[in-house]
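Remarks on the structure that follows.
The values are calculated or read from the model by the stated rules, or taken from the named source; none is laboratory data. These figures come from a predicted structure and were not determined experimentally. Don't worry about glycine lacking a Cβ; one is built from the backbone with ideal geometry, like all the others, and counts go over all protein chains shown.
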Amino acid sequence: MVDMRLILIRHGQTSSNIGHHLDTREPGANLTDLGHEQAQALPAVLEGTTIEAIYASTLLRTQQTAAPLAAALGLEVNVRAGLREISAGTLEMANDDASIEAYLSVALGWAEGSENALIPGTGEDGSAVLGRFDDVVAEVVASGVASAVLVTHGAMIRACTGARCKNLQKGFTALNSVSNTGVVVVEGTPGSWRVVRWQEQALGES
């Protein structure tokens, strides 16, 4: 099987990001003015990059982020629930340090192999959540495209790449975040993915 490229982009800024709220339910917050500017910058900074398909989660912020790029390339945005943010359960919309730490400790623990852990109030472990993301990736692979953009969420990107990419050192995703419209580029095939670029800051920023 020929290697393919997945360009994982975190959505643009929302009011919940500004307030540090664990906003994971549908439909979620809209993009802020800055978030829209970040989204509008994507076509220019990705110009010349091969992109044959665009996917986004069921939360509004990812679809709003993907829209300018899709319009520039003449592509549709394929909306998939498997790309949505990891549910915060009973911690939904909390913004205190203890709640955020509790949420991330479980989500990023999945990246280290502790996929049986549950976020309070969700009833789902890492195997179920990451499995849904895997299903979307399998769909992208089966479509035959060589390169696709997946507009998704920060915790999901960190958990999935940590769990599925063989070249990341233990603890890497816990120490390296992804900002709004930051990008992680993954290449390979199912079961043999590797990260080739981890850009924490927003695309277009130096």
The residue that is modelled with the highest pLDDT, considering only those in the range 144-166 that are of a type outside the set (A, V, I, L, M, F, W, C) and exposed (fewer than 13 other Cβ atoms within 10 Å of the Cβ), is G144
Inset, instruction - Would you be able to say whether some residue in the range 68-84 is closer than 23 Å to V141 by Cβ, modelled with pLDDT of 95 or more, touching a His at 6+ places or on another chain (Cβ under 6 Å) and among the charged types (D, E, K, R)? - result: no
Only one of (1) polar (S, T, N, Q); (2) in a loop (DSSP other than H, G, I, E, B); (3) more than 19 Å from S147 (Cβ to Cβ) does not apply to Q38, and that is (2)
Counting only residues in the range 28-58 that are among the hydroxyl-bearing types (S, T, Y) and closer than 28 Å to S87 by Cβ, the one surrounded by the fewest Cβ atoms within 10 Å (Cβ to Cβ) is identified as T58
Result of the Cβ filter at 9 Å on the range 180-206, keeping first residues that are within 16 Å of M156 (Cα to Cα) and among the small types (G, A, S) and partners that are at pLDDT 90 or above and surrounded by 15 or more Cβ atoms within 10 Å (Cβ to Cβ), at least 6 apart or interchain, is G182/I9; G182/R10; G182/G154; G182/I157; G182/W198
Counting only residues in the range 1-32 that are assigned to a strand (DSSP E or B) and of a type in the set (V, I, T), the one farthest from V149 (Cα to Cα) is identified as T14
Taking first residues from the range 93-104 that are without any contact (Cβ under 8 Å) to a residue 40 or more places away in the chain and under 18 Å from R25 (Cβ atoms) and second residues anywhere that are of a type outside the set (F, W, Y) and assigned to a helix (DSSP H, G or I), the pairs with Cβ under 7 Å that are 6 or more apart or on different chains are A102/L91
Of (1) within 22 Å of A88 (Cα to Cα); (2) surrounded by 16 or more Cβ atoms within 10 Å (Cβ to Cβ), G19 fails just (2)
Those residues of the range 38-69 which are over 16 Å from N180 (Cβ atoms), in contact (Cβ under 8 Å) with a residue 12 or more places away in the chain and not acidic (D, E) amount to P43, A44, T49, T50, I51, A53, I54, Y55, T58
Within the range 195-206, the residues that are within 21 Å of A107 (Cβ to Cβ) and modelled with pLDDT of 95 or more are V195, W198
Here is a check on your reading of the model: is E26 among the acidic types (D, E), over 15 Å from I157 (Cα atoms) and within 18 Å of the chain's Cα centre (by Cα)?
yes
Given (1) at pLDDT below 95; (2) among the charged types (D, E, K, R); (3) in contact with a helix residue (DSSP H, G or I) (Cβ under 7 Å, 6 or more places away or on another chain), E124 misses just (3)
Subset of the range 74-86, residues outside any loop (DSSP other than H, G, I, E, B) and either buried (at least 18 other Cβ atoms within 10 Å of the Cβ) or without any contact (Cβ under 8 Å) to a residue 24 or more places away in the chain (or both), comes to V77, N78, G82, L83
